[in-house]
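Comments concern the structure below.
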Amino acid sequence: MSAPPSAVVLDTETTNSKDTPERKLEVIELAYQRLGSLEGGTVLRYQPQRMTTWGALAVHNILPEELADCPPSARAKADAPLADFWIGHNIDFDWRALGSPPIRRICTLALGRSIWPECDSHTLTALTYFTKGANDRTRKALREAHSALADIAHTRDLYYLQASILKADPLDLERMWEFSEQARIPKTMTFGKFAGQPISAVDRGYASWYNKQADPDEYLLRAFRLAGLLK
């Protein structure tokens, strides 16, 4: 009898907010916890080759001097946990920062946008307030937000709540992954001349042009195909 699939809740802090050819993402903090484990999470830190951008520093508040004696950031990819699934808020960002390994991802950001479209923001902090209440207890719990260890705790709680709303067992990873995959397919355009309009409003020429771009969003391409705009 084969073992059930495994999952970890995972988060990273990085040197910059976007991965570009000019400046690749470098992981400076990695935290993860096995889903369903009663043990605390694992936290690892790394020294980057390049200085953290001011914008990234403003988010995670990890000072260069705190990383001076840490192993090089290139090691983070080797330290990434083995599992069948990674669970995270905007998990594709962490996945790319860790080298895009062949692991399926469950995105609590995509699920959040699908479950709570009425919420004006779907950041992890905003959804934590939205689901736990705008009160002092929640604020105290969020004091360490944007440290990787704190973020995996909030992500885990959010994931369990999302599973409950979807009437799914959170340990039924295949089903939760299917929900996540469906939630990732956009219903409206978020950029370009069709921004704010439903996918069905996009013309075939624009869809064909986007399909030829260097790094198109695979989920937007799925939306185009479902709308009959691409073969």
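The values are calculated or read from the model by the stated rules, or taken from the named source; none is laboratory data. Everything numeric here is computed off the predicted structure, so don't read it as measured data. FYI the Cβ positions are ideal-geometry reconstructions off the backbone, even for glycines, and counts take in every protein chain you see. Remember, those area values only see protein heavy atoms, side chains included, never the ligands or the DNA or RNA. Shrake-Rupley method; radii C 1.70, N 1.55, O 1.52, S 1.80 Å.
For segment 142-150, the criterion of being open to solvent by less than 50 Å² (accessible area, probe 1.4 Å), at pLDDT below 95, hydrophobic (A, V, I, L, M, F, W, C) and assigned to a loop (DSSP other than H, G, I, E, B) is met by at least one residue. Close Cβ contacts (under 8 Å, 6 or more residues apart or on different chains) running from residues in segment 134-150 that are closer than 15 Å to Leu124 by Cβ to residues that are basic (Lys, Arg) and modelled with pLDDT of 85 or more comprise Thr138/Lys132; Ala141/Lys132.
Give Ala83, Ala78, Ala153, Ala110 a once-over and let me know the one that is over 24 Å from Arg175 (Cα atoms) and among the hydrophobic types (A, V, I, L, M, F, W, C).
Working: Ala83 fails: over 24 Å from Arg175 (Cα atoms); Ala153 fails: over 24 Å from Arg175 (Cα atoms); Ala110 fails: over 24 Å from Arg175 (Cα atoms).
Unique residue meeting the criteria: Ala78.
Picking from residues in segment 12-21 that are of a type outside the set (Val, Ile, Thr) and open to solvent by less than 20 Å² (accessible area, probe 1.4 Å), the one that is modelled with the highest pLDDT is Glu13.
So for segment 158-171 (the condition being part of a loop (DSSP other than H, G, I, E, B), closer than 28 Å to Glu29 by Cα, modelled with pLDDT of 90 or more and open to solvent by less than 80 Å² (accessible area, probe 1.4 Å)), does at least one residue qualify? There is at least one residue in segment 158-171 that is part of a loop (DSSP other than H, G, I, E, B), closer than 28 Å to Glu29 by Cα, modelled with pLDDT of 90 or more and open to solvent by less than 80 Å² (accessible area, probe 1.4 Å). When Leu38 is tested against (1) among the aliphatic types (A, V, I, L, M); (2) over 13 Å from Ser147 (Cα atoms); (3) open to solvent by less than 40 Å² (accessible area, probe 1.4 Å); (4) in a loop (DSSP other than H, G, I, E, B), only condition (3) is not met.
Contact annotation: residue pairs with Cβ atoms under 9 Å, 6 or more positions apart or on different chains, pairing a residue in segment 5-24 that is under 30 Å from Leu38 (Cβ atoms) with a partner that is at pLDDT below 85 and open to solvent by less than 10 Å² (accessible area, probe 1.4 Å), are Leu10/Ala148; Asp11/Ala148; Thr12/Ala148; Glu13/Ala148.
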